Amino acid sequence: MGTTFGLKKDREFGEVLAANPDLLASEADVRNFCTDDDAPGPDIDNPQIFIEEPLNIWNIALGGQFYQVLLEKFPERRYAEYEVVGHFINRVEALRKALYKHRPRFDEEPEDVNPRLAADLVIANGVKRKRTRQRQ
């Protein structure tokens, strides 16, 4: 799914989204899809995810289309649809978390976000190194 949106890392999602805001489905489109049988739904050729609520009928339908693409691309492999759709929903949730993490907090200015994220990364890497040393 990352390659679908041109991502190498989840933290790049904000930049990709700023360059292409059409990656997000509008709440009105999702609501229409859920309530009107004739309303257009998600399209894997022009994927739009609904980031506000990852587990919803729009994203599930898009995950089902993603499953069909996998079957066409790799017919020799056996995938369970619920596993592929579940993975798709998990990836949408991860992108949502990454996007919200990069937003300024209520007491932050926009220019304070990058130093906070850099400090969080240093702390996280320090914890990983400590755990690795403890396991040896």
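The values are calculated or read from the model by the stated rules, or taken from the named source; none is laboratory data. Given the structure is predicted, the values throughout are model-derived calculations rather than measurements. A quick note on method: Cβ atoms are made from the backbone with ideal geometry, for glycine too, and the neighbour counts reach across all protein chains shown. Each accessible area value is taken on the protein alone, full model and side chains, heavy atoms only, with ligands, DNA and RNA left out. Shrake-Rupley method; radii C 1.70, N 1.55, O 1.52, S 1.80 Å.
Selection of the stretch 40-86 for residues being more than 15 Å from the chain's Cα centre (by Cα) and aromatic (Phe, Trp, Tyr) yields Tyr67, Phe74, Tyr79, Tyr82.
In the set Glu52, Glu83, which member is at pLDDT below 90, out of contact with any strand residue (DSSP E or B) (no Cβ under 7 Å at 6 or more places or on another chain) and surrounded by 10 or more Cβ atoms within 10 Å (Cβ to Cβ)? Give the steps one after another, and end with the answer.
Values: Glu83 fails: at pLDDT below 90.
Among Glu52, Glu83, only Glu52 is at pLDDT below 90, out of contact with any strand residue (DSSP E or B) (no Cβ under 7 Å at 6 or more places or on another chain) and surrounded by 10 or more Cβ atoms within 10 Å (Cβ to Cβ).
Before we move on, is Arg116 open to solvent by 100 Å² or more (accessible area, probe 1.4 Å) and either under 30 Å from Pro21 (Cα atoms) or at pLDDT below 85 (or both)? Don't jump to the end; show me each part of the working.
Values: open to solvent by 100 Å² or more (accessible area, probe 1.4 Å): no; either under 30 Å from Pro21 (Cα atoms) or at pLDDT below 85 (or both): yes.
Here the answer is no, as Arg116 does not meet what is asked.
Restricting to the stretch 22-41, name every residue that is in contact with a helix residue (DSSP H, G or I) (Cβ under 8 Å, 6 or more places away or on another chain) and among the small types (Gly, Ala, Ser). Scanning the stretch 22-41 gives Ala25, Ala39, Gly41.
Got at least one residue in the stretch 9-29 being among the polar types (S, T, N, Q) and surrounded by fewer than 14 Cβ atoms within 10 Å (Cβ to Cβ)?
Narrowing the stretch 9-29 to residues among the polar types (S, T, N, Q): 20, 26.
If we keep only those that are surrounded by fewer than 14 Cβ atoms within 10 Å (Cβ to Cβ) as well, we get 20, 26.
Yes.
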